[in-house]
1. For the stretch 88-141, with only Lys/Arg (+1) and Asp/Glu (-1) charged at the beta-carbon, what is the dipole magnitude about the Cα centre, in debye rounded to 20?
2. With the cut-off at 23 Å, tell me which of the pairs 53/98; 33/166; 53/148; 33/53 have Cα atoms farther apart than that.
3. Under 5 Å between amide H atoms, partner at least 5 residues away or on a different chain: which partners does residue 28 have, H built in plane at 1.01 Å?
4. How far apart, in nm, are the 7 Å Cα→Cβ label points at residue 72 and residue 104?
5. Assign unit charges at the C-beta atoms only (+1 for Lys and Arg, -1 for Asp and Glu), then state the dipole size of the stretch 104-169 relative to its Cα centre in Debye, rounded to the nearest 20.
6. Could you give the radius of gyration (one decimal) and Dmax (whole number) of the Cα atoms in the stretch 54-120, in Å?
7. Could you give the length gained by full extension between residue 63 and residue 45, i.e. 0.36 nm per residue of separation minus their alpha carbon distance, to one decimal place?
8. So which aspartates and glutamates can residue 25 reach, going by Cα to Cα under 16 Å and dropping same-chain residues fewer than 8 places off?
Amino acid sequence: MKHLKTLLLVAIFTIGLGGVANAQKTAHINTDKLLAEMPATKSMKAELEKLNKTYRDDIEAMYKKLEAKIKKYEAEGKSQTQEENQKRAVEVQQDRLKISQAEQAAGQEMQKKYQEKTLPILKKAEDAIKAVASERGIIYVFDAAPGKGLIVYDKGEDIYDAVKSKLGF
């Protein structure tokens, strides 16, 4: 009987501590807002916009050159032989293809640059979130950005300002 009481007390004590251990601290942060306000993100956007403008200007120059060539060929078309006009038509078609390929290459290059520049920014934000969570004893951090799945976050701790200061902005 005495062993039963001791066993019962141990069981109650263990269950009680288990409940305390399960009271895990949670927090939330709007990562979309954090990333948008990071200085690195702002400079990345400016750099990518500059690069995109360069590509657009180059492609626009190719279009203008092609338009001038087409006008010239159309004006001279009646005075040229059928064979020469066919060569010119092929040349124009090849120029259009080059422009299309340049547009495609520019898009791919922009996407590649975006990914290259974004990964370090995401890593930096993630490291700061982990550091703040660790400092505050937070076990779970949920993303409170719209569409990320967290619906109710009124009672959890918002660590946005702490992460922002950890990042130095």
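1. My answer is approximately 40 debye.
2. Over 23 Å Cα-Cα: 53/148; 33/53.
3. 142, 157, 158, 159
4. About 2.7 nm, to one decimal.
5. On the way: 11 positive and 10 negative charges, 46 e Å.
Rounded to the nearest 20 debye, it is 220 debye.
6. Cα radius of gyration and Dmax of the stretch 54-120 are 17.0, 60 Å respectively.
7. Difference between extended and current length: 3.8 nm.
8. Within the straight-line cut-off, residue 25 pairs with 135, 143, 154, 157, 158.
The values are calculated or read from the model by the stated rules, or taken from the named source; none is laboratory data. Note that the structure is predicted; figures quoted are calculated from it, not measured. Counting neighbours? That spans all protein chains shown, and the Cβs are built from the backbone with ideal geometry, glycine included. Heavy atoms of the whole protein, side chains included, go into the accessibility calculation; ligands, DNA and RNA do not. Shrake-Rupley method; radii C 1.70, N 1.55, O 1.52, S 1.80 Å.
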